[in-house]
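The values are calculated or read from the model by the stated rules, or taken from the named source; none is laboratory data. A quick note: this is a predicted structure, and the numbers were derived from the prediction, not measured. All Cβ positions, glycine included, derive from the backbone under ideal geometry; neighbour counts span all protein chains shown.
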C-alpha cells in the first residue's frame with residue numbers, strides 16, 4: 001500500500017482513530033504561522049491554538065514541532081507539484097508537460113507567496129541545522145525527483161537523448177531561470193502571467209535544442 005511522504009512523518013501508534021481533518025488543520029496552521037511569524041516565532045501552543053485543537057491532540061498526530069514543520073513544507077511542495085503529477089498529466093504531450101512544470105516552478109519563484117515560502121525554508125535550514133537535509137528533501141530535492149522522472153520517461157520513449165538524467169534535469173531547471181527572477185526576488189518588478197508563460201516555453205525550446213532527439217530525414 002502506498003503511503004504519502006507526509007504520512008511517513010506522522011506519529012504512529014495504537015489508540016483512537018486519527019481524524020484526517022485535524023491533521024490537515026494542523027498542517028495549514030503551521031503553514032500560516034510560519035509565513036506570518038517566521039521559523040523562530042512558532043510554538044507548539046500557538047500551533048494547537050491556531051488549529052483549534054488541544055495540545056495533546058497535536059501530539060497524537062505529530063511527534064514534535066519539527067515534524068509538523070516538515071509536513072507543512074512537504075504539503076507546500078505537493079501544492080506546487082502533486083505526488084501523482086505524472087498520472088494527472090498522462091494525456092499531455094511531452095513538451096507541453098515540461099512547459100507546465102516550468103510554469104509552476106517559475107510562478108513559485110516570482111510570486112510573493114512563493115518567495116515568502118522559499119525564504120522560510122532557508123530560514124528553517126539556517127536556524128535548525130538538524131532539519132536542513134529534511135527541508136531540502138521536502139522541497140527542492142522532491143521537485144528534482146519528479147522532473148527527473150518525467151525526463152526518464154521521455155528518454156525511454158525516445159523523445160530526448162539524455163543518458164545522464166540528473167544532468168539533463170539540472171540543465172532544464174537552469175534554462176527556466178533568468179535575470180527576471182533576481183529582479184522579482186529583490187522586489188524590483190512584478191512578473192506577469194504572460195512573461196511566466198513565455199519563459200516556460202523558451203526554456204523547453206532551448207532544452208529540446210540541447211537534448212531533443214533528431215528525427216530521421
Filtering the range 59-84 for residues that are outside any loop (DSSP other than H, G, I, E, B), out of contact with any strand residue (DSSP E or B) (no Cβ under 6 Å at 6 or more places or on another chain) and more than 19 Å from residue 39 (Cα to Cα) leaves a count of 5
For residue 25, indicate whether it is at pLDDT 85 or above and surrounded by fewer than 15 Cβ atoms within 10 Å (Cβ to Cβ).
no
Say we look at the range 85-104 and pick out the residues that are in a helix (DSSP H, G or I) and at pLDDT below 85; which of these is nearest to residue 155 (Cα to Cα)?
86
Which condition does residue 161 not pass, out of (1) under 23 Å from residue 176 (Cβ atoms); (2) at pLDDT below 90, if it passes all the others?
(2)
Candidates 190, 183, 157, 197 - the one that is within 20 Å of the chain's Cα centre (by Cα) and at negative phi
197
List, please: which pairs have Cβ atoms under 8 Å, are six or more places apart or on different chains, and start with a residue in the range 29-44 that is assigned by TED's automatic domain parsing to the domain that holds residue 56 and end with one that is surrounded by 15 or more Cβ atoms within 10 Å (Cβ to Cβ) and assigned to a loop (DSSP other than H, G, I, E, B)?
30/42; 33/42; 34/42; 39/128
Going residue by residue through the range 126-136, is there one that turns out to be buried (at least 20 other Cβ atoms within 10 Å of the Cβ), in the same structural domain as residue 177 (by TED's automatic domain parsing) and within 28 Å of residue 206 (Cβ to Cβ)?
no
